[in-house]
1. Could you please find all residues in the range 64-96 being of a type in the set (D, E, K, R) and either modelled with pLDDT under 95 or within 12 Å of the chain's Cα centre (by Cα) (or both)?
2. Taking the stated definitions as given, is VAL56 within 11 Å of the chain's Cα centre (by Cα) and free of Cβ contacts under 8 Å to residues at least 40 places away in the same chain?
3. Between a residue in the range 63-84 that is free of Cβ contacts under 8 Å to residues at least 24 places away in the same chain and any residue that is surrounded by 17 or more Cβ atoms within 10 Å (Cβ to Cβ), which pairs come within a Cβ distance under 7 Å, given they are 6 or more apart or on different chains?
4. Just checking, does the range 11-34 include any residue being in contact with a Lys or Arg (Cβ under 9 Å, 6 or more places away or on another chain) and closer than 15 Å to GLN87 by Cβ?
5. So which pairs qualify, if the first residue must be in the range 7-27 and farther than 25 Å from ARG98 by Cβ, the second must be β-branched (Val, Ile, Thr) and at pLDDT below 80, the Cβ gap must be under 6 Å, and the two must be at least 6 apart or on different chains?
6. For the range 71-95, what are the residues that are out of contact with any helix residue (DSSP H, G or I) (no Cβ under 7 Å at 6 or more places or on another chain) and among the aliphatic types (A, V, I, L, M)?
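The values are calculated or read from the model by the stated rules, or taken from the named source; none is laboratory data. These numbers come from a predicted model, not from an experiment. So basically every Cβ, Gly included, is an ideal-geometry build from the backbone, and we count neighbours across all protein chains shown.
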Amino acid sequence: MSKGIALGLEEGNIFTSNLVEETIELNTGDIVVFYTDGFTEAMNERREFYGEERLVEFIKQHKNLSSKDLINALLKDVNRFANHMPQHDDMTIVVIKRD
């Protein structure tokens, strides 16, 4: 876990003074997923969140898909969970895989 503050919270001196650069090596089969909280905070009609645990488990179960197919499958799963309830946050995701 690297140190610092979340991207986009502050654009000035606080961000710059807290920024810590790290380098990681990706091995074959590794997946890196960047996502906004619109995924984990997607809500169904019972006012339940999709949640981080469900997101991580979904990624683990579908890790053999291509990045594009993983994103599409996740979007379908979140929409199925939310049952087409209106959402109030953006959903942005980037998936990087090392094959």
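1. Filtering the range 64-96 down to residues of a type in the set (D, E, K, R) leaves 68-69, 76-77, 80, 89-90.
Residues satisfying the conditions are ASP89, ASP90.
2. Working: within 11 Å of the chain's Cα centre (by Cα): yes; free of Cβ contacts under 8 Å to residues at least 40 places away in the same chain: yes.
Considered against the rule, which asks whether it is within 11 Å of the chain's Cα centre (by Cα) and free of Cβ contacts under 8 Å to residues at least 40 places away in the same chain, VAL56 comes out as yes.
3. ALA73/LEU65; ASP77/PHE58
4. no
5. ASN18/ILE5
6. ILE71, ALA73, LEU75, ALA82, MET85, VAL94
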